[in-house]
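Input: a single structure, listed below in structure tokens.
The values are calculated or read from the model by the stated rules, or taken from the named source; none is laboratory data. Quantities reported herein were computed from a predicted structural model and do not represent experimental measurements. Methodologically, a virtual Cβ is constructed for each residue, glycine included, from the backbone with ideal geometry; neighbour enumeration extends over all protein chains shown.
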Amino acid sequence: MVPFQMGQEAMVNIPVLVLNQNYLPMNICTARRAIVLMLQGKAELVENGGGEVSSVSVSFALPSVIRLLHLIRLPRLQRKLTRFEVFNRDHFTCQYCGLETRALTLDHVVPRSRGGQHCWENLVSACIPCNHSKGEKTLAQVKMKLLRKPLIPPPFFLVPYYYLRNQPVWLKFLPF
Ligand SMILES: [Zn+2]
């Protein structure tokens, strides 16, 4: 363990995005863990968190994104279709009006009463007013548009949106 000086505890606990060797997001660790991985020669700094932490003898750039130098082979994730996963995919944003809110509903783009499926490509996050005005109608009937096409999330680590809100610099490393 790197002997960090007192008072830097908060800094070394900030979240760091860990990219696999192929630049795909893999997980999130603490800055402390990221610095240890870099000191061990297992990872490189990709994005600086805009600060420095120092141990007794050396200073380190405070990492925000690191990349592993060896490819870790991961099993493909079977992502469950849940409300939370749909909201997370949509960045907790209504896909009709763009409002970011916790008060979301799941909307079937093609209503189930019209044969719409309960699947990733037919489910979006909608705020309550948008869901209400759309009702059981089709997009054409209510003249509403989707902000983006709903897709199946990729079968690997999806950064939880509550991290992204505070780490906008991570966005450019997300393939989705
Ligand atoms: Zn809305």
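Tabulated values for the structure
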{"quantity": "Residue match in the stretch 127-138 (condition: over 19 Å from the mean Cα position of the chain (by Cα), away from the ligand (no atom under 16 Å from the Cβ) and over 25 Å from Leu174 (Cβ atoms))", "calculated": "yes"}
{"quantity": "Options Leu81, Leu68, Leu123, Leu77; residue that is touching a Lys or Arg at 6+ places or on another chain (Cβ under 8 Å) and more than 10 Å from the ligand (Cβ to nearest atom)", "calculated": "Leu68"}
{"quantity": "Count of the stretch 90-101 residues which are more than 16 Å from the chain's Cα centre (by Cα) and more than 9 Å from the ligand (Cβ to nearest atom)", "calculated": "0"}
{"quantity": "Every residue from the stretch 59-92 that is among the polar types (S, T, N, Q) and under 15 Å from Tyr163 (Cα atoms)", "calculated": "Ser64, Asn88"}
{"quantity": "From Met11, Met1, residue being over 23 Å from Leu171 (Cα atoms) and at pLDDT below 90", "calculated": "Met1"}
{"quantity": "Any hit, the stretch 80-88, residues being touching a residue at least 40 places away in the same chain (Cβ under 8 Å) and assigned to a loop (DSSP other than H, G, I, E, B)", "calculated": "yes"}
{"quantity": "Single condition His108 does not satisfy, out of (1) touching a Ser or Thr at 6+ places or on another chain (Cβ under 6 Å); (2) more than 9 Å from the ligand (Cβ to nearest atom)", "calculated": "(1)"}
{"quantity": "Pair list, Cβ < 6 Å and 6+ apart or interchain, from the stretch 33-45 residues that are closer than 16 Å to Val12 by Cβ to residues that are among the aromatic types (Phe, Trp, Tyr)", "calculated": "Ile35/Phe60"}
{"quantity": "Considering residues of the stretch 119-147 that are hydroxyl-bearing (Ser, Thr, Tyr) and not in a strand (DSSP E or B) only, the residue farthest from Thr93 (Cα to Cα)", "calculated": "Thr138"}
{"quantity": "Selection within the stretch 45-54 - surrounded by 15 or more Cβ atoms within 10 Å (Cβ to Cβ) and closer than 12 Å to Val16 by Cα", "calculated": "Leu45, Val46, Glu47, Gly49"}
{"quantity": "Positions within the stretch 55-79 being more than 14 Å from Asn22 (Cβ to Cβ) and without any contact (Cβ under 8 Å) to a residue 24 or more places away in the chain, in sequence order", "calculated": "Ser57, Val58, Ser59, Ala61, Pro75"}
{"quantity": "Leading residue by the ranking (nearest to the ligand (Cβ to nearest atom)) among those in the stretch 148-173 that are part of a loop (DSSP other than H, G, I, E, B) and exposed (fewer than 14 other Cβ atoms within 10 Å of the Cβ)", "calculated": "Arg148"}
